[in-house]
Amino acid sequence: MKRLDCDGTEICYLGLGPEAGPLPALFYFSLSGEESLTLSPYNSPAALLEGAPLRVFSMTIPGHGEDFDKLHAIKYWADQMAEENYILEEFFEKITSSIDWLIENGYVDPDHIAVGGLSRGAFVATHVAALEKRIKIILGFAPLTKLSATEEFSSAERGVRVKVRAATLDLEHLAEKLTHIHNLRFYIGNRDERVSTDACYCFLRKLANTAHEIRARHMNVELNLTQAIGHKGHGTSPQTFEEGTLWVKDHLLGKR
């Protein structure tokens, strides 16, 4: 794993060095930048892409890394919102700035960029895609789509102001900002009680309806329901990781 610095933002990546020139790129989010690329099974897409002629980048999601408990990351988000901090919005902007920097410095082919993530990482990836029009591919595993419905935000202790603030970040509000996407595929368990299978379906239905309304025939929006596994049905099997990673690899390398 290699590390780069863009205005104080650490970028971790796997793949060939700068001497190989611009390459197709997957920006993948799960935990910290390092863990997303090296900690099994969260790093499954990165591990499965080893040796492919592309680069996999990651950055640390707020609430992860040193001095943080990854199990309480979304609680940290809620606490920060209660203090009127905009850590998520600022993080999305940092990622788009890093993508610009990587393109300018010859690491990323601007015509072949995908984003992906696991759970809250898919939430991050989708927000980044809404901001960066050069991203044409989104891959999500067990994706968080409705932040306001998570137990950290829907619990009685959270005030109305915080819940309303979280709702503004629910992915359903991004439908019109994602019409530049060519291929989106989400995988989720058929009974995911952590991030809600129903919420995921509702978001993709809205995105598909938006594409239909504006006749965006270039948009392919897919939802793959899998057998629910893990705690609260919020898990991703090795087979699902492999299938989704092969899908994004083929699209990035122009094989489909």
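A few points about this structure:
- Residues in the stretch 1-31 that are under 18 Å from the mean Cα position of the chain (by Cα) and farther than 20 Å from Thr245 by Cβ: Thr9, Glu10, Ile11.
- Given (1) β-branched (Val, Ile, Thr); (2) modelled with pLDDT under 95; (3) under 26 Å from Pro45 (Cα atoms), number of the condition Ile103 does not satisfy: (2)
- Complete set of residues in the stretch 194-231 that are assigned to a strand (DSSP E or B) and of a type in the set (A, V, I, L, M, F, W, C): Val221, Leu223, Leu225
- Residue tally, condition assigned to a helix (DSSP H, G or I) and under 9 Å from the mean Cα position of the chain (by Cα), over the stretch 125-150: 5
- Some residue of the stretch 211-220 being among the polar types (S, T, N, Q), within 30 Å of Pro22 (Cβ to Cβ) and surrounded by fewer than 17 Cβ atoms within 10 Å (Cβ to Cβ): yes
- Check on Lys75, in contact with a helix residue (DSSP H, G or I) (Cβ under 6 Å, 6 or more places away or on another chain), within 20 Å of Leu147 (Cα to Cα) and either modelled with pLDDT of 95 or more or buried (at least 16 other Cβ atoms within 10 Å of the Cβ) (or both): yes
- Qualifying residue in the stretch 27-39 (condition: over 17 Å from Lys94 (Cα atoms), of a type outside the set (Val, Ile, Thr) and crowded, with 22+ Cβ neighbours inside 10 Å): yes
- Gly21 fulfils the conditions (1) modelled with pLDDT of 95 or more; (2) of a type outside the set (S, T, N, Q); (3) surrounded by fewer than 16 Cβ atoms within 10 Å (Cβ to Cβ); (4) touching a strand residue (DSSP E or B) at 6+ places or on another chain (Cβ under 6 Å) except for a single criterion, (4).
- Residue selected from the stretch 43-70 under the condition among the small types (Gly, Ala, Ser), at pLDDT 95 or above and part of a loop (DSSP other than H, G, I, E, B), by the criterion nearest to Arg120 (Cα to Cα): Gly63
- Only residues that are within 30 Å of Arg194 (Cα to Cα), in a helix (DSSP H, G or I) and either among the aliphatic types (A, V, I, L, M) or more than 18 Å from the chain's Cα centre (by Cα) (or both) were counted in the stretch 87-124, giving 5.
- Taking every residue in the stretch 4-19 that is on the phi < 0 side of the Ramachandran plot and in contact (Cβ under 8 Å) with a residue 24 or more places away in the chain and pairing it with any residue that is in a loop (DSSP other than H, G, I, E, B) and surrounded by fewer than 10 Cβ atoms within 10 Å (Cβ to Cβ), at least 6 positions away or on another chain, the pairs with Cβ-Cβ distances below 8 Å are Leu14/Glu50.
- Tally of residues being surrounded by 17 or more Cβ atoms within 10 Å (Cβ to Cβ) and more than 24 Å from Gly15 (Cα to Cα) across the stretch 43-72: 3
- From the list Leu39, Leu54, Leu48, the one residue that fits, being farther than 19 Å from Leu4 by Cβ and in contact (Cβ under 8 Å) with a residue 40 or more places away in the chain, is Leu48.
- All of (1) of a type outside the set (Lys, Arg); (2) part of a helix (DSSP H, G or I); (3) over 18 Å from Pro110 (Cα atoms) hold for Glu19 with one exception: (3).
- Criterion (of a type in the set (Asp, Glu) and either touching a helix residue (DSSP H, G or I) at 6+ places or on another chain (Cβ under 8 Å) or closer than 16 Å to Ser119 by Cβ (or both)) met by exactly one of Glu176, Glu213, Glu243: Glu176
The values are calculated or read from the model by the stated rules, or taken from the named source; none is laboratory data. Please read all numbers here as calculations on a predicted model, not as lab measurements. Using ideal geometry, Cβ is built from the backbone for each residue, glycine included, and neighbour counts are taken over all protein chains shown.
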